[in-house]
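The values are calculated or read from the model by the stated rules, or taken from the named source; none is laboratory data. A quick note: this is a predicted structure, and the numbers were derived from the prediction, not measured. Neighbour counts run over all protein chains shown; Cβ positions are idealised from the backbone, glycine included.
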Amino acid sequence: MAASLDWDRDGRDWPHREASRFVEAGGIRWHVQEMGEGPVLLLVHGTGSSTHSWRGLAPLLATHYRVVAADLPGHGFTPMAPHDGMSLPGMGRLVAVLLAALGTTPAFVAGHSAGAAILARMALDGRIAPAAFVSLNGAFVPFGGALRFLSPIARLMAATPLAARVFAARADDPRAIARLLDGTGSRLDADGAALYARLVRNPAHVQGALKMMASWDLAPLERELARLAIPTLLVAAGNDRTVPPAQAVRVAARIGAGARIERLAGLGHLAHEEDPGRVAALMTAFFAASARPAAASAVASPAV
């Protein structure tokens, strides 16, 4: 298996390097970033991404919260998980093990794309009980149409390390990165594009993303969303070409009264990277509103 990114070489100018540390948990050496003070807010990135995805958003949120983020197994500077750790339940279990190792209980959680699915799975499995949950273009439902073939193709490619090496080698062409990002519907600055290029040029990172896609089954999660008893904000970007914004309507209907949708016109799948200020304002307002009823209830409740 190819080596993960090297921290001394590839991480020399990593966003918020000063907030980084490495933590052993669940048989994995995790790359973790922490910043800010206050209630703990856990951020979980999506497939093929890393902590760099929060480079603009995390500092804004850190003025209100203790922000905790990690590279998922097989992504960035965190190596691949053993056994079933790359499946959706397996990822949720391992993130919970990491939280235990950090001695951290998140008051709030937010996930982008597949990261939102991981958090929903963790909540359904009783591994977290946050006061509120924000999904940023969350990928909760199985791919439909032509994309239904994505998982079988990912399984085939994940079983062949050479495929990851070929894909990574192609990333040396700037046009390949441009096409990859164009497929998200987002417009990133040069620094953001360069960070994604650094990731996808690494065969281990590519292999991790393929293994994650190959190991996932979202159908059980969608069936169980009605049990998600957490105030949930579904942020849906109008230009998202990866997770169509119409999926938020489907997911909200599954969750029920606890969910509401916030539409972001003019942004794509990586909306939180394109306009972190706008997304941070939405998140902090939602978390504050969700926390107020709980605080009022605590004040009103008699001591026992």
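Figures for the structure shown
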read-out: Qualifying residues in segment 201-210 (those that are in contact (Cβ under 8 Å) with a residue 40 or more places away in the chain and over 12 Å from T47 (Cβ atoms)) - the one surrounded by the most Cβ atoms within 10 Å (Cβ to Cβ); value: Q207
read-out: Selection within segment 175-210 - closer than 30 Å to G126 by Cβ and more than 16 Å from the chain's Cα centre (by Cα); value: none
read-out: Search result, residues across segment 41-87 that are more than 30 Å from A219 (Cα to Cα) and not charged (D, E, K, R); value: G56, L57, A58, P59, L60, L61, A62, T63, H64, Y65, V67
read-out: Any pair with Cβ under 6 angstrom, 6 or more apart, that starts in segment 101-114 at a residue that is within 30 Å of P142 (Cβ to Cβ) and β-branched (V, I, T) and ends at one that is in a helix (DSSP H, G or I) and modelled with pLDDT of 95 or more; value: V109/L119
read-out: Residues located in segment 227-249, provided they are farther than 22 Å from R93 by Cβ and either in contact with a Lys or Arg (Cβ under 8 Å, 6 or more places away or on another chain) or hydrophobic (A, V, I, L, M, F, W, C) (or both); value: L233, L234, V235, A236, A237, G238, V243, P245, A246, A248, V249
read-out: Residue that is nearest to T184 (Cα to Cα) [pool: residues in segment 32-53 that are part of a loop (DSSP other than H, G, I, E, B) and of a type outside the set (G, A, S)]; value: T47
read-out: Segment 249-268: number of residues that are assigned to a strand (DSSP E or B) and in contact with an Asp or Glu (Cβ under 9 Å, 6 or more places away or on another chain); value: 1
read-out: Filtered residue count, segment 104-126, keeping only those that are part of a loop (DSSP other than H, G, I, E, B), in contact with a Leu (Cβ under 8 Å, 6 or more places away or on another chain) and within 18 Å of D217 (Cβ to Cβ); value: 1
read-out: Residue, farthest from the chain's Cα centre (by Cα), within segment 223-246, restricted to residues that are under 18 Å from L136 (Cβ atoms) and assigned to a helix (DSSP H, G or I); value: A246
read-out: Residues of segment 224-246 classified as at pLDDT 95 or above and either farther than 17 Å from S135 by Cβ or polar (S, T, N, Q) (or both), total; value: 2
read-out: Boolean, H64 is surrounded by fewer than 22 Cβ atoms within 10 Å (Cβ to Cβ), out of contact with any strand residue (DSSP E or B) (no Cβ under 9 Å at 6 or more places or on another chain) and not in a helix (DSSP H, G or I); value: no
read-out: Meets criteria (touching a helix residue (DSSP H, G or I) at 6+ places or on another chain (Cβ under 6 Å), over 25 Å from T184 (Cα atoms) and acidic (D, E)) for D84; value: yes
read-out: Test for L147: is it assigned to a helix (DSSP H, G or I), modelled with pLDDT of 85 or more and either under 19 Å from A114 (Cβ atoms) or in contact with a Ser or Thr (Cβ under 6 Å, 6 or more places away or on another chain) (or both); value: no
read-out: Selection count where residues are more than 13 Å from the chain's Cα centre (by Cα) and either assigned to a helix (DSSP H, G or I) or of a type in the set (A, V, I, L, M, F, W, C) (or both), scope segment 67-103; value: 16
read-out: Qualifying residue in segment 273-292 (condition: at pLDDT 95 or above, of a type in the set (D, E, K, R) and over 21 Å from T51 (Cβ atoms)); value: no
